[in-house]
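Asker: If you scroll down you'll find the structure; I have some questions about it.
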Number of protein chains: 2
Amino acid sequence: MNNEFKNQEADARGDGYLPGLAIDAVIFGFHDNQLKVLLLAYKNTGLFALPGGFIRDYEDVNEAARRVLLDRTGLTNIFLDQFYVFGDRSRHDAAPLKAIMAARGVMPPENHWLLKRFVSVGYYALVDFTKAIPTPDSISDSCDWYALDDLPVLMQDHQLIIQKALETLRINLDQKLIGFNLLTEDFTMGELQNLYETILNKKLIRAAFQRKMLSLGILERIAKKFTGGAHKAPYVYRFILEK
Amino acid sequence: MNNEFKNQEADARGDGYLPGLAIDAVIFGFHDNQLKVLLLAYKNTGLFALPGGFIRDYEDVNEAARRVLLDRTGLTNIFLDQFYVFGDRSRHDAAPLKAIMAARGVMPPENHWLLKRFVSVGYYALVDFTKAIPTPDSISDSCDWYALDDLPVLMQDHQLIIQKALETLRINLDQKLIGFNLLTEDFTMGELQNLYETILNKKLIRAAFQRKMLSLGILERIAKKFTGGAHKAPYVYRFILEK
């Protein structure tokens, strides 16, 4: 058996990776009242997808998630949180994987590991999309931000994965706010309310929002913002970093 | 090759199961100001563990979690929620699996699938432990409730899994309250506060607790509890089932 054939067999078996387990990352981008999500377009396939990949046998799963995001998008230092395991049998769909491999000139055997059923661990993050500039990897034509209300058709169950990530983000927004590092160091209550309104996709009542945010005990009031007209200047706040 | 040997090979490969993926269930039990957790003791091993198992290749992962819980504990109709994927490489420890198989007279080959690295999907639930009566399966000596502050030494990273489940329960208690079905249909604010205090393991201020619970919009006030002395009777509440 020559080496090339041995390597093909090892590739087909998925040697070096955990079998049947994938990672998909939902990176939400916020800026200036807009919420977007990061998607890849696979070369010569017309397939759009979340940045995702597989776990090497020497990696922790959380570590693999950060490495996969870096490999696929060039993004680093992003605080990724697990949010759900997508494990329905019905998500198994080998066709897009075959198309992606075919576009690279690979004709996989039917028992190739990538064509089998995968369970995917979903991770999510929320970043400022003007500060997170993605770079497509060698098998993607593009890696770009898309408005949530104007997504292309996505492969497999990636639309569902985004929906579940968005629900999780909305439920956990209070708790995750500090870690996500989305606002400038000092911000006004109005800026914070804009962030909430955009992510929750609804208008909030100003007084109730302010009362709720102050009751969370995560904000400290710094000073009035200097605008020239002191009596109209809003207070600026900052997150209390130690709990 | 005779059939028995074929079956042994298929067993060793883990045919019929998803490779490398397990389920562990943290079932918290609450009653009368006590919080407990459900543990199995494996026969003739001295090993204590969370109820757990593996995913059949025709099962959804969430479906497998319910079936595993039923197989291992006899409990059914329990609302299981995913809470975390335990995927660190360091959790790989084949020794307890070898001991469990040895206690059943099985000497597995070194490449047996159960001795390889597993990633485990953690599920949790909160039930009334007086209503959930567990039954040990054929490979366990017992399946019982243990007080959280008096746990036996647990195999692998099961102590850590319980800790993470407890953190999740504490963070999500408000949101999960209705589904968990822990109180009688009608309950007093004091009974609800006891539940919170036990799970959070701290005393809460009565007025602040009441204000917070009422602000969640999940309670409806039914009537005063009949105690004979009407002016001292507490109100009784019930969860609003439609949101």
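Asker: Give me the percent of DSSP beta bridges within the protein assembly as shown that run antiparallel, rounded to the nearest 5.
Answerer: 70 percent
Asker: Positive end of the charge dipole of the protein assembly as shown (Lys, Arg +1 and Asp, Glu -1 on Cβ, about the Cα centre): tell me which of B:T135, B:A165, A:M189 has its Cα farthest that way.
Answerer: The Cα lying farthest towards the positive end belongs to A:M189.
Asker: Label-to-label distances across copies for A:D174, with labels 7 Å out along Cα→Cβ, in nm, shortest first?
Answerer: 0.2
Asker: If amide H atoms are built 1.01 Å from N in the plane of the peptide, which residues on other chains or at least 5 residues away come under 5 Å of the amide H of A:I222?
Answerer: Distant-sequence amide H within range of A:I222: A:V236, A:Y237, A:R238.
Asker: Related question: Can you give the charge dipole size of the range A:167-211 about its Cα centre, rounded to the nearest 20 debye, using +1 on the beta carbon of Lys and Arg and -1 on the beta carbon of Asp and Glu?
Answerer: Roughly 260 debye for the range A:167-211.
Asker: In addition: What does the charge count near B:N194 come to, summing +1 for each Lys or Arg and -1 for each Asp or Glu among other residues with Cβ under 11 Å from its Cβ?
Answerer: -2
Asker: Let me ask another. Compute the FRET efficiency between A:K232 and A:L70 as 1/(1 + (r/R0)^6), taking r as their Cβ-Cβ distance and R0 = 60 Å, and round to the nearest 0.05.
Answerer: Efficiency for this residue pair is about 0.85.
Asker: For B:I162, A:I178, B:I133, B:I55, what ranking results if the residue with the fewest other Cβ atoms within 10 Å of its Cβ goes first?
Answerer: Listing B:I162, A:I178, B:I133, B:I55 from fewest to most nearby Cβ atoms yields B:I133, A:I178, B:I162, B:I55.
Asker: Quantify how strongly other chains surround peptide A:80-92 by giving the mean number of their Cβ atoms within 10 Å of each of its Cβ atoms.
Answerer: 4
Asker: For the range A:70-120 and the range A:146-210, compute the distance between their C-alpha centroids and round to whole Å.
Answerer: Between the Cα centres of the range A:70-120 and the range A:146-210 lies a distance of 26 Å.
Asker: With θ taken as phi - 60° and the coefficients 6.51, -1.76 and 1.60, list the Karplus ³J(HN,Hα) couplings across the range B:197-212 in order, rounded to whole Hz; mark glycine and proline as x.
Answerer: Coupling constants for the range B:197-212: 5, 5, 6, 7, 6, 7, 6, 10, 7, 4, 5, 5, 4, 4, 4, 5 Hz.
Asker: Moving to a separate point now. With 10 angstrom as the radius, rank B:E220, B:E63 by how many other C-beta atoms surround their C-beta, starting from the fewest.
Answerer: Ordered from fewest to most neighbouring Cβ atoms within 10 Å, B:E220, B:E63 come out as B:E220, B:E63.
Asker: Turning to a different aspect of this structure: Name the residues whose placed amide hydrogens come within less than 5 Å of the amide hydrogen of A:D60, ignoring near sequence neighbours (fewer than 5 apart) on the same chain.
Answerer: Those lying under 5 Å, H to H, from A:D60 are B:R89.
Asker: Can you list, bin by bin at 5 Å, the percent of alpha carbon pairs in the range B:14-107, starting at 0?
Answerer: 2, 11, 18, 23, 23, 14, 6, 2, 1, 0
Asker: Turning to a different aspect of this structure: What number in nm² do you get for the range A:184-239 if you take the convex hull of its Cα atoms and divide its surface by four?
Answerer: 4.2 nm²
Asker: Now, a different point. Just how large is the dipole of chain B about the Cα centre, in debye to the nearest 20, putting +1 at every Lys and Arg Cβ and -1 at every Asp and Glu Cβ?
Answerer: Roughly 940 debye, rounded to the nearest 20.
Asker: Over the Cα atoms of chain A, Rg to Rh with Kirkwood Rh, two decimal places?
Answerer: A ratio of 1.07.
Asker: Using Cα positions and a limit of under 20 Å, work out the aspartates and glutamates in reach of B:K224, with same-chain residues fewer than 8 apart set aside.
Answerer: Candidates past the 8-residue exclusion: B:E185, B:D186, B:E191.
Asker: Oh, and also: Amide H of B:Y17: which non-local residues (sequence gap of 5 or more, or other chain) have their own amide H closer than 5 Å, using H built in the peptide plane?
Answerer: HN-HN under 5 Å from B:Y17: B:D57.
Asker: Now for a separate question. Just to be sure I understand the curve: with the Debye formula and one point per C-alpha of the protein assembly as shown, what is log10 I(q)/I(0) at q = 0.13 Å⁻¹?
Answerer: For the requested q values the scattering log ratios are -1.35.
Asker: Based solely on its DSSP helices, what 222 nm [θ] is calculated for the protein assembly as shown when runs of n ≥ 4 H residues each add -39,500 (n - 2.57) and the sum is averaged over all residues, nearest 500 deg cm²/dmol?
Answerer: Rounded to the nearest 500, the figure is -10000 deg cm²/dmol.
Asker: If each residue's Cβ is checked for other Cβ atoms within 10 Å, how do B:M107, A:M155 rank with the fewest at the top?
Answerer: Lowest count first: B:M107, A:M155.
Asker: Same structure, new question: For the rotation taking chain B to chain A, which residue of B has the Cβ nearest the axis, and how many Å away is it?
Answerer: Result for the axis mapping B onto A: B:P19, 2.
Asker: Report the net charge of residues surrounding B:G87, where surrounding means a beta-carbon distance below 15 angstrom and charges are Lys +1, Arg +1, Asp -1, Glu -1.
Answerer: Residues near B:G87 contribute -2 overall.
Asker: Of all DSSP beta bridges located in chain A, what percent are antiparallel, nearest 5?
Answerer: Once the DSSP bridges in chain A are tallied, antiparallel ones form about 70 percent.
Asker: Right, here's the next one. Convert each backbone phi in the range B:54-67 into a coupling constant with the Karplus relation 6.51 cos²θ - 1.76 cosθ + 1.60 (shift: θ = phi - 60°), then list the ³J(HN,Hα) values in order as whole Hz, x for Gly and Pro.
Answerer: Once θ is set to phi - 60°, the couplings for the range B:54-67 become 10, 9, 6, 5, 9, 9, 5, 5, 5, 5, 4, 4, 5, 5 Hz.
FYI, it's all coordinate maths here, none of it is from the lab. It should be emphasised that the depicted structure is a prediction, and the values quoted were computed from it without experimental measurement. We place every Cβ from the backbone using ideal geometry, glycine too, and count neighbours over all the protein chains shown.
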